[in-house]
Amino acid sequence: MIRSNRLLISGILLISMGLLSCIKDLNPENPENSVSFENLQIAENFNFETTAEKSFSITAFDNLNSPIQAVRFDIYTAHPDSGGVLMTSGGTNSEGVFSGKYLCLTTWKRL
């Protein structure tokens, strides 16, 4: 009998806490200085672009510091075993240089 009373009281407390903890605010505060979309003032020099094309180069040398021709590069966003996606691939030229461009987000700090 005592166990069923405790269970009943615990159930009532849980239901009460669930109902009382979620109270909707009926009067949300509106900021006094709210600006509508039509009245936004954007600076003339504001850059709306979210992507930028970045140039990069990779140089391959042998142990004697001589350039190596036709070295293949595959560049991924992460290790392929971790779900990395191929960004670009290519090979070095006669001077051992592979140059490319990649379209990336402007929020990236490093590539």
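The values are calculated or read from the model by the stated rules, or taken from the named source; none is laboratory data. Everything numeric in this text was worked out from a predicted model, so none of it was measured. All Cβ positions, glycine included, derive from the backbone under ideal geometry; neighbour counts span all protein chains shown.
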Taking first residues from the range 45-69 that are closer than 21 Å to M87 by Cα and second residues anywhere that are among the charged types (D, E, K, R) and not in a loop (DSSP other than H, G, I, E, B), the pairs with Cβ under 9 Å that are 6 or more apart or on different chains are E53/K101; K54/K101; S55/K101; F56/K101
Which residue is farthest from the chain's Cα centre (by Cα), if the candidates are limited to the range 68-78 and must be more than 17 Å from R110 (Cα to Cα) and not β-branched (V, I, T)? Q69
Go through the range 66-92 and give me each residue that's in a loop (DSSP other than H, G, I, E, B), among the small types (G, A, S) and closer than 25 Å to T50 by Cα. A78, G83, G84
Every residue from the range 51-73 that is under 17 Å from F98 (Cβ atoms), surrounded by 11 or more Cβ atoms within 10 Å (Cβ to Cβ) and either modelled with pLDDT under 90 or of a type outside the set (A, V, I, L, M) (or both): K54, F56, T59, F61, P67, Q69, F73
Candidates E95, E38, E44, filtered to the one that is acidic (D, E), exposed (fewer than 10 other Cβ atoms within 10 Å of the Cβ) and not in a helix (DSSP H, G or I): E44
